[in-house]
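The values are calculated or read from the model by the stated rules, or taken from the named source; none is laboratory data. The shown structure was predicted, so the numbers you read here are calculated from the model rather than taken from an experiment. When we count neighbours, we look across all protein chains shown, and the Cβ atoms used for this are built from the backbone with ideal geometry, even at glycine.
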Amino acid sequence: MSWSKPIIIDSLKAPKALHRGWWLFFFIVLILISSIALALMWTDNNYFLQWQFWLSIVLISTVIEGIAISIRLYLYGLAQEEYELWLHEQKNIEQNWQNWAMQSLVVLDSFYVLPNELKLKDLLTNNPDATSKINKSIAFEEKFDLIESIESLFVSMRDVLSQLPIKEPINVIVYSSPESYGLIENKFNDVCGSVKIAQPYTVSHHVMNHSDIDKLNEWIDSSQSAIHLIIINNTSSSGTAFLCAFLLMDKAYYQDLAIDIAKSEILRPMITSDMPLGVQQMAEIQPAIHQIKQLWFSNLDNKKQVDVTKQLAEWEISPEQMYQLESIVGNQTEFSFWLSLALTCETVIQTKQNNLIAAINQNQWLLSVVTAVNGE
């Protein structure tokens, strides 16, 4: 489980409240014992008729009862204080766990290119023309120019980049599938120079064999906050071919910069081998999942799609729309999660509704909620 819940041992129980019946019984017993003791010690045989005798019994019993009750109340107060401190600590642990699970990445902008030229608005508006584009070739045509698409990427993000503080560095990371690696690296720096990024930036290239969604968690948890421009290069693939990108940062850093340009949020994703338990934990501590309107399936067969839908229904989560990525862009690979994320980000921008992505990668379930900014 990626969301290992803290184990809280119920070592303390609430102290038992005072039982009036037992204390009344105790007081009666004290009176009897005091009466017998005083009767044995009383010098006058007519003690039964003397008011001093009865007053002594009442005073002795009352004093002993008062001392006993005082001690009991003191011990009860200590136990209650200890119990309340334990409850407070328990709530803090639960709250910290929930806060950790609710951390997110703020998406400032996103971009994608598909070989079938499908645009998300066609899908969301049920445009009949979109039918002719679905299930077309999943490969880019020979005339496809990767560098030109990279330039288009930067042009599309130019407005957002211009609103970022000029001194804030940008960490540009290019992840390429094994088939696509090398097609972009040589000319990428020239592209960055030609588009004239105002902020200082660094560029790194990596080969990624699968989606590695845990990168999202790494960026959320990183102690060194940064603006990331993540480019996913899957333009040559055995499955779905695509190019997509995300300009993002962790939410705390975004709030520190005091800017207002975010378009969506990616909540901490769930990575688990136990899908029912994963959905349960998300339902318990990620309230946004209860308001999802669109559900995206990536790299899932029909049976697994049904399993996810049933599990969500058990928590009364019923999305209005469900999209199979395969029906839009053809054959899927584990790398396709990033494409579904790009489409989901655009869906959130257009609909202002929460979306959920369900996928499988390296025999692990991937569940990711994308929301409008501030949960709109």
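Can you find a residue in the range 179-199 that is under 16 Å from Y253 (Cβ atoms), in contact (Cβ under 8 Å) with a residue 12 or more places away in the chain and touching a Lys or Arg at 6+ places or on another chain (Cβ under 8 Å)? Yes: one or more hits.
Residues in the range 89-109 that are out of contact with any strand residue (DSSP E or B) (no Cβ under 9 Å at 6 or more places or on another chain) and not acidic (D, E): Q90, K91, N92, I93, Q95, N96, W97, Q98, N99, W100. Residues in the range 329-368 that are more than 17 Å from F111 (Cα to Cα), surrounded by 24 or more Cβ atoms within 10 Å (Cβ to Cβ) and β-branched (V, I, T): I357 only.
Where helices (runs of 4 or more DSSP H) sit wholly within the range 282-370, those with at least 2 residues that are over 16 Å from the mean Cα position of the chain (by Cα) and over 14 Å from Y112 (Cβ atoms) occupy 302-314, 325-329. Among residues of the range 133-147 that are outside the structural domain of T333 (by TED's automatic domain parsing) and modelled with pLDDT of 75 or more, none has a beta-carbon under 9 Å from a residue that is part of a loop (DSSP other than H, G, I, E, B) and of a type outside the set (D, E) at least six positions away or on a different chain.
Among residues of the range 315-328 being among the hydroxyl-bearing types (S, T, Y) and in contact with a helix residue (DSSP H, G or I) (Cβ under 8 Å, 6 or more places away or on another chain), the one that is surrounded by the most Cβ atoms within 10 Å (Cβ to Cβ) is Y323. Residues that are over 30 Å from P178 (Cα atoms) and crowded, with 17+ Cβ neighbours inside 10 Å are absent from the range 230-249. Any residue in the range 291-318 that is assigned by TED's automatic domain parsing to the domain that holds T344 and over 21 Å from T371 (Cα atoms) sitting within a Cβ distance under 8 Å of a residue that is assigned to a loop (DSSP other than H, G, I, E, B) and modelled with pLDDT under 95? List the pairs, counting only those 6 or more apart or interchain. Pairs that qualify, where the first residue is assigned by TED's automatic domain parsing to the domain that holds T344 and over 21 Å from T371 (Cα atoms) and the partner is assigned to a loop (DSSP other than H, G, I, E, B) and modelled with pLDDT under 95, are N299/Q332; N299/T333.
Please specify each residue of the range 218-258 satisfying the condition of being under 15 Å from H206 (Cβ atoms) and not hydrophobic (A, V, I, L, M, F, W, C). Scanning the range 218-258 gives E218, H228, N233, N234.
For the range 79-90, a residue qualifies if it is surrounded by 11 or more Cβ atoms within 10 Å (Cβ to Cβ) and within 23 Å of the chain's Cα centre (by Cα), and the qualifying residues are E89, Q90. The set of residues from the range 211-231 being within 15 Å of S368 (Cβ to Cβ) and touching a strand residue (DSSP E or B) at 6+ places or on another chain (Cβ under 7 Å) comprises S211, I213, D214, L216, W219, I220, I230. Elements of the type strands (runs of 3 or more DSSP E) sitting completely within the range 181-280 and holding at least 2 residues that are in contact with a Leu (Cβ under 7 Å, 6 or more places away or on another chain) and not β-branched (V, I, T): these cover 227-234, 242-250. Checked against (1) within 22 Å of V107 (Cα to Cα); (2) surrounded by 22 or more Cβ atoms within 10 Å (Cβ to Cβ), L312 passes all but condition (1).
Of the residues in the range 170-185, none is under 20 Å from Y112 (Cα atoms), within 23 Å of the chain's Cα centre (by Cα), surrounded by fewer than 18 Cβ atoms within 10 Å (Cβ to Cβ) and assigned by TED's automatic domain parsing to the domain that holds L367.
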